[in-house]
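Here is the structure we will look at.
The values are calculated or read from the model by the stated rules, or taken from the named source; none is laboratory data. If you're wondering where the values come from, they're calculated on a predicted model, not measured in any experiment. Counting neighbours? That spans all protein chains shown, and the Cβs are built from the backbone with ideal geometry, glycine included.
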Amino acid sequence: MTRWMLPLLAVLACKASPPPQRPTSGGAPIYEVSVTEKGFEPVRIEVPPEREVVLRFTRKVAETCADAVVVQGDPVKHMLPQDKPIEVRLMAPKTGQVRFACPMDMYRAAIVVTGG
Ligand SMILES: [Cu+2]
């Protein structure tokens with residue numbers, strides 16, 4: 001290593017930025033949702049208005065009828081294989097909530113718009 005490289009390395013080291021508060025996927029905040037024996041956890045996820053968000057579902061139990069998730073306004077039934085995170089992208093409305101549930105509509109949860 002030559003002498004002139006040392007200041008350059010110092011500059012590069014300083015450019016390391018702190019990690020974001022919440023992990024993002026293409027700029028959209030990611031919210032973790034687990035599927036347990038109780039169903040979806042958490043059942044209420046507060047999100048900012050009019051913003052694309054990502055729900056990352058991880059099914060942690062083998063025996064559950066929530067082996068898929070249906071999101072209000074989304075015609076696709078998203079299969080949830082065990083222990084494999086599945087990301088579902090959706091748009092938060094201006095106000096109110098977007099519900100999601102197992103295909104039988106037994107386990108229910110929702111993203112709820114708060115603040116601004
Ligand atoms: Cu169900």
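A few notes on this one:
- Criterion: within 16 Å of the ligand (Cβ to nearest atom), out of contact with any Cys (no Cβ under 8 Å at 6 or more places or on another chain) and at pLDDT 95 or above - qualifying residue of 41, 46: 41
- Check on residue 22, at pLDDT below 95, of a type outside the set (A, V, I, L, M) and either more than 16 Å from the ligand (Cβ to nearest atom) or on the phi > 0 side of the Ramachandran plot (or both): yes
- Residues in region 100-116 that are on the phi < 0 side of the Ramachandran plot and either loosely packed, with under 11 Cβ neighbours inside 10 Å or within 16 Å of the ligand (Cβ to nearest atom) (or both): 100, 101, 102, 103, 104, 106, 107, 108, 109, 110, 116.
- Checked against the criteria, residue 97 does not count as free of Cβ contacts under 8 Å to residues at least 24 places away in the same chain and either farther than 24 Å from residue 22 by Cα or within 16 Å of the ligand (Cβ to nearest atom) (or both).
- Pick from region 60-104, criterion small (Gly, Ala, Ser) and assigned to a loop (DSSP other than H, G, I, E, B), ranking: nearest to residue 24 (Cα to Cα): 92
- Subset of region 105-116 (residues that are in a loop (DSSP other than H, G, I, E, B) and touching an Asp or Glu at 6+ places or on another chain (Cβ under 7 Å)): 114
- Residue list for region 102-116, filter: touching a Lys or Arg at 6+ places or on another chain (Cβ under 7 Å) and without any contact (Cβ under 8 Å) to a residue 40 or more places away in the chain: 103
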